[in-house]
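Right, one structure below, let's go through it.
The values are calculated or read from the model by the stated rules, or taken from the named source; none is laboratory data. Just so you know, these numbers come straight off a predicted model, no measurement behind them. All Cβ positions, glycine included, derive from the backbone under ideal geometry; neighbour counts span all protein chains shown. Just so you know, the surface numbers come from the protein's heavy atoms only, side chains and all, with ligands and any DNA or RNA stripped out. Shrake-Rupley method; radii C 1.70, N 1.55, O 1.52, S 1.80 Å.
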Amino acid sequence: MNLNGRGRMVLVLVGLLLVGTLVAVPGAQAFEGRGGDVVTIGPDEVIEDDLYVGAGTFTLEGTVQGDLVVFGGTLTINGTVEGDLIAAGQTVVVNGTVEDDARIAGYALTLPGTIADDVIAAGFSLESEEGASIGGDVVYAGYQALLNGDVGGNLRASSGAVRIVGAIEGDARVDVGGTEEGETIPSFYNFMPNVPTVPSVPPGLTVAEGAVIGGDLAYTANFRADVPAGAVAGDTDFSEYVPDVPESKER
């Protein structure tokens, strides 16, 4: 799989995550910080300011009335974030509600809950589960994406494997170029310690029966996707992937 274009996009997105964190740091405003091996915000706890957390394991059961910025290993959002969520960890799970944007990075990114605005994500695997709702756009760069939930805006994905099962109200622009049919998850990931389980997504672009794309579909791939009739309300544009060929240097 060619990683040149996707690799650059991952670096850009991770940079955006870090920049977003820096920009979000308040000056005169108040904020709260937590840290430790295990940090839990209980179900009755309300953080009235922005919350900054560094933890091996973090769980939000309560409410953060500002932004939540969290870095660690296993990060689980079961409660409510009334501002933005900025999270980076091995595992990021959003079961609850984010009332603004979510900028997340990690190995396994799982979104069963509700995100009111945009999702900007970079990682190995992104999974939007059935019943999940994303109100704005989804921008993703990584190895694979499984979109079972609904997206209220546009989709832009640069990945090796993308499967669309739910509804995308806007346009979908997908780059899965460089991925061959029959390709599987790289074997070296199976030998990494404590790697979270992720779904298996077939290489290239897959549009499942029952999926809906309300706008146009434009995708770049090594091979054409089997797009069900009526799944795309607008136009479908396929571009065959052309690998980068290094220019030879004249001697």
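Quarter the surface of the alpha carbon convex hull of segment 52-94 and you get the mean projected area, 2.3 square nanometres.
Computed from the C-beta positions of Asp216 and Asp100, the FRET efficiency with R₀ = 41 Å rounds to 0.90. The listed residues Thr197, Thr236 rank as Thr197, Thr236 when sorted by accessible area, largest first, using a 1.4 Å probe. Taking 0.36 nm per residue of separation and subtracting the Cα-Cα distance, full extension of the segment from Asn78 to Phe238 would add 53.7 nm. Multiplying the residue separation of Glu169 and Glu45 by 0.36 nm and removing their Cα-Cα distance gives an extension gain of 41.1 nm. For Asp175, the residues whose modelled amide H falls within less than 5 Å of its own, excluding neighbours fewer than 5 places apart on the same chain, are Ala157, Ser158, Ser159, Thr220. Our analysis of segment 56-144 gives Rg over Rh at 0.92, with the two radii drawn from alpha carbon positions and Rh computed by the Kirkwood formula.
On full extension, the segment bounded by Glu209 and Val195 gains 1.9 nm, given 0.36 nm per residue less the C-alpha separation.
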